Every structure is written in C-alpha cells, then in structure tokens.
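Everything on this sheet refers to the single structure shown next.
Nothing in this text is a laboratory measurement; each read-out follows from the coordinates by a stated rule. None of the values given here were measured: they were computed from a predicted structure. Cβ coordinates were reconstructed from backbone atoms using ideal geometry, including for glycine residues, and neighbour counts include every protein chain displayed.
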Amino acid sequence: MDTPLSVAIDCDPGVDDAVALLLAFRSPQMRVAGVTTVAGNAGLEQVTANATAVLDLAGAPADLPVAAGAAGPIAGGERVPDEPVHGPGALGGAVLPPSSRPVSDDAVGLLTRLARAQPGELVLLALGPLTNVARLVERDPEAAGMLAGIVHMGGAAFVPGNVTPAAEFNTYCDPEAARIVLGSGLPVRLVPLDVTRRAVLHGADSDLLAASDDPVTAAAGTMLRGLTDGHERRHGVRECRVHDATAVVALLEPEGFGWQRHPVDVECTGELTRGALVTDVYRRTGRPATVELALDVDPDAAVSCLLDALEGPR
C-alpha cells in the first residue's frame, strides 16, 4: 500500500475499540481523517471521553475532527446496557488523562463532509453499533455513495452470538440500523465473530505490552490485561479477543482473510433471534449479494500484525 488509506473511524470505546484506534494511528498504511462515536460498550458520554483520551495517547493531530453521534438505537427505545467485560470506565481498568479536544455533536454531519471531501477514497471503519452509519445512509445517500467502502466489525454469520445465542453485540445494539446499512447496496466488508473469535491474545501478550517503556504500548497492554484477567475470572483461561482491532487488521491486510460475497439481512423482530445475521448462501431471498464476509482468517498472522503495531518502532 504505497499511498496511506484514508479512513474515518466510527467507534464506541471499549477496550477493543481503543486498541483499534491505537493500531490505526500506529499503522503507516492508514491515515485517519476523523473519528465519530456511538453509544455501545458504554453510554455516549463515556465512549466519547474514552475516544478523545485515546486519541491524545496516540498522538493524533490536535485538529483531527471528532464528533459524538447516536446515544441510542435508530428506532428509539432504551439502548442495550453497557458491555460489562470492558470493566469500569470501559477501558479495562486503564485510567487515561481526560482530554480537552473539541468535540462536535453531529457525527453524521462530519461523516458527510469527510465523504464529500474525498469522493471514492474514504473508507468508513465502523466498530460499534451502526446507528450513525444508518443515519448517514438515510440523511444523505449521495454522500454515503461517495464512500470507497464500509468495513464493519459485527454479526455472527455461522457461529453463536456473544450477547444472545443468535446475536453479536454490535448488531444486537441496533439491528434496525444494521439492516439499513447491510441492505443499502453500498460496498460493505463485514468482519464477524466467525473470524474475530479466532484471533486470540494470551495473558503473556498483554503482560509483555503492559511492561513496555513506551507509554502507548503500556497503556494498550493495561487495557488488554483487564480483558484477559476478566476472561480468566469467568472462564478459567487467561486470554481475550480484540474484535474491533481484528477488523482494522482485515482492512490493512485483507489477504490474510477468506472473503465470501453473499446477500445478508438482519432479524429485527424474532423473540429469540433479534439481532441475528441472516446469510443467504443459497440465494433464496432474491436480495443482491453486496456484502463481503470474512469467514476465514490466519489467526497467527492477524495477532502478529496487531502486536507488531502496538509494540511500536524497535
């Protein structure tokens, strides 16, 4: 990749979003044009504070545009409660200095401006519930069509969900928004639990990062150690999956993933299946096959890419 890839990142930090942001800023193949936030792993105020603090940690430019977005699902109603695995403050126990970065309150407006400023060049990396992205599609479909593509961490195609037996967390938080985006006809690359579950970081990895003299590396390790320790308390194994960071790896090194193009929809009304991803492998729905799903991965290569970037220059 000779020219850095221009990306806007829509996120809900959360440990894995925070690590994804650090990975993006530590990757010379990528240039971050702006960051927007959406309620998910915590409420909108918390995830926005986390995002700006992580941007300071990453050394992001002071004039990088940041905007807060949706505080709840697109159809209204209560948002899904905070994801408890991320711990108090949603950063795995890491405490970062509060940021004084300016933040607007119009995420869709920022995404619109960025897409129109770089027609055909900007990739939208969506790492949380798809509420902001769905609002962009509905409010300004012309601007949405100017995106080079959308890469989204979400859904469970052929594996169980992680918040219900059927649904992955991001999709479950706002299935109506996910249905709008995945049915929009826009070029979407979906990085579901089918592959993110296979990219495993072990406790020794997070300990090594946390012991680094580099403040970015050490902070990432502390966040990840919160996840690995929590996983050990719940499951007896000290390891974690960094779902959103795996989606960044899929954008940086897509050749390490196995992609399949299928029609995809989202179940919004099922009593037991709300938020489930419906992948039409046999083309029975008549919907267009506009979504590329990552259904295979080289897990060792994905983890190595992540760790190499977080460890920084040697």
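When each of the peptides 86-96, 35-45 is scored by the mean number of other C-beta atoms lying within 10 Å of its residues, the order from highest to lowest reads 35-45, 86-96. From helices alone, the chain scores -11000 deg cm²/dmol at 222 nm; the rule is -39500 (n - 2.57) for each run of n ≥ 4 DSSP H residues, then divide by the residue total. Separation of region 248-276 and region 135-186 by C-alpha centroid, Å? Between the Cα centre of region 248-276 and that of region 135-186, the gap is 8 Å. Note on region 88-186: Kirkwood hydrodynamic radius from all Cα pairs is 15.1 Å, rounded to one decimal. Applied to region 109-115, the Karplus parametrisation 6.51 cos²θ - 1.76 cosθ + 1.60 on θ = phi - 60° returns per-residue 3J(HN,Hα) values of x, 5, 4, 4, 5, 5, 5 Hz, with x for Gly and Pro. Other residues within the sphere of radius under 13 Å centred on the Cβ of residue 24, judged by their own Cβ, net out at -2 (K and R +1, D and E -1). A cut-off of 5 Å between modelled amide H atoms, ignoring neighbours fewer than 5 places along the same chain, links residue 161 with 166, 167.
Per-residue Cβ neighbour counts within 10 Å put 100, 6, 184 in the sequence 100, 6, 184, beginning with the fewest.
Only Cα pairs under 8 Å and 6+ residues apart enter the sum, and on that basis the relative contact order of the chain stands at 19 percent.
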